[in-house]
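To keep things clear, I will list the structure first and then write my remarks on it.
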Amino acid sequence: MGSAGLGRLNGLFAVYKPPGLKWLHLRDTVEMQLLKGLNARKPPVPKQRIRFLLCPVEGSDKKELTLTATSVPTLTDHPLVRGPAFTSLKIGVGHRLDVQSSGVLVLGVGHGCKLLTDLYDAHLTKDYTVRGLLGKATDNFQEDGRLVEKTTYDHVTREKLERILCVIQGSHQKALVMYSNLDLQSQEAYEMAVRGVIRPMDKSPMLISGIRCLHFTPPEFLLEVQCVNETQQQLRKLVHEIGLELKTTAICSQVRRTRDGFFTLDDALLRTQWDLNSIQDAIQAAAPRVATELENNLRPLSGTQPLPSPGWPSGSKDLSSALGLESWVGP
């Protein structure tokens, strides 16, 4: 039964990482819960072997003994003799979250660790909700940092904030095209720009494909950020830089990942669901989608070309129009 349960532990699944928990501790906790579930399965019936044991002779008044063939269980495979059947599992962690961050964290078990590599190579975007607080600056861009400065923020409006966000998105989309290795003259590049699926093919700095304001009640504001190749600290620094552009200061009070590639909050298992049955069901439910999405996103693009120089090649006007860059970014 244990081998059958282990056979279903091959694939990807998502968990919800709460703030204040290290990703390594989360991984170890999941491994411990899986091992506990595997070892709790009913052990197989022990094998029998024939032994000749001394037994009293039946019907004899004297205390005579004779050798009698007897079937006895083999105890070499008993858990109390051998120990637990499973002592470790191969579990990999996808795009990591730091201690203060929360949200969707993808894990791979068994052959799923290879799929994590494919997930990295696909360079899929991730969604975050980032909460900011106007009027303060700290040395680490967070609430628990050393206070550096206090400023006023009465002049900040939602319109001013959204104007800054549009400029950020436009400049990052221009960089996104540069790192995508697309032939800017191809029809495929234009169609991908219209669909909003352009992504970098190699290593790149943090690139933002979308950013908008979800909530604005000074001093607090809430942003939704769609990005790739980011770290959570870079998102906190982004909030700090937005504050400076607004002629004030700002710190980041929350970073929460709501989507990692094709895994969303609906797919993420809560801490009470980190058990063998729930994880097996999550792996089986995600398997068809994982195979389809990875195949579609790892398919080589016919319109790729060597990485262009930072200067724009001639004839890229149509692609810039499709991205909407002309409104926000100068030539």
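The values are calculated or read from the model by the stated rules, or taken from the named source; none is laboratory data. Here the structure is a predicted model, which means the values were calculated and not measured. A quick note on method: Cβ atoms are made from the backbone with ideal geometry, for glycine too, and the neighbour counts reach across all protein chains shown. Accessible surface areas use protein heavy atoms only, side chains included; no ligands, DNA or RNA. Shrake-Rupley method; radii C 1.70, N 1.55, O 1.52, S 1.80 Å.
If you check ILE242, ILE211 for being assigned to a strand (DSSP E or B) and either open to solvent by less than 20 Å² (accessible area, probe 1.4 Å) or of a type in the set (Phe, Trp, Tyr) (or both), only one passes: ILE211.
Here ARG96 does not qualify as basic (Lys, Arg), in a strand (DSSP E or B) and modelled with pLDDT of 95 or more. Does ASP127 meet the test of being open to solvent by less than 30 Å² (accessible area, probe 1.4 Å), charged (D, E, K, R) and in contact (Cβ under 8 Å) with a residue 24 or more places away in the chain? When the stated conditions are applied, ASP127 passes them. On the given criteria, is LEU307 at pLDDT below 95 and surrounded by 17 or more Cβ atoms within 10 Å (Cβ to Cβ)? When the stated conditions are applied, LEU307 does not pass them. Residue-level analysis places THR157 among those that are more than 27 Å from PRO19 (Cβ to Cβ) and open to solvent by 40 Å² or more (accessible area, probe 1.4 Å). Within the range 72-112, being of a type in the set (S, T, N, Q), open to solvent by less than 70 Å² (accessible area, probe 1.4 Å) and not assigned by the TED database to the domain that holds LYS17 holds for one residue alone: THR74.
Summed over the range 245-267, residues that are small (Gly, Ala, Ser) and part of a strand (DSSP E or B) total 2. Answer yes if at least one residue in the range 219-233 is open to solvent by less than 10 Å² (accessible area, probe 1.4 Å), hydroxyl-bearing (Ser, Thr, Tyr), outside any strand (DSSP E or B) and closer than 22 Å to LEU134 by Cα, and no otherwise. Within the range 219-233, none of the residues are open to solvent by less than 10 Å² (accessible area, probe 1.4 Å), hydroxyl-bearing (Ser, Thr, Tyr), outside any strand (DSSP E or B) and closer than 22 Å to LEU134 by Cα. The residues of the range 224-259 that are in contact with a His (Cβ under 9 Å, 6 or more places away or on another chain) and either small (Gly, Ala, Ser) or closer than 24 Å to ASP154 by Cβ (or both), listed by number, are LEU246, LYS247, THR248, THR249, ALA250, ILE251, CYS252.
Listed here are the residues, each with its yes/no results for (1) in contact (Cβ under 8 Å) with a residue 24 or more places away in the chain; (2) aliphatic (A, V, I, L, M); (3) under 27 Å from VAL130 (Cα atoms).
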| position | (1), (2), (3) |
| --- | --- |
| LYS22 | yes, no, yes |
| MET32 | no, yes, no |
| LYS47 | yes, no, no |
| ARG51 | no, no, no |
| LEU54 | no, yes, no |
| THR76 | no, no, no |
| LEU80 | no, yes, no |
| LEU97 | yes, yes, yes |
| SER102 | yes, no, yes |
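Residues in the range 100-143 that are at pLDDT below 95 and of a type in the set (A, V, I, L, M): 3 in all.
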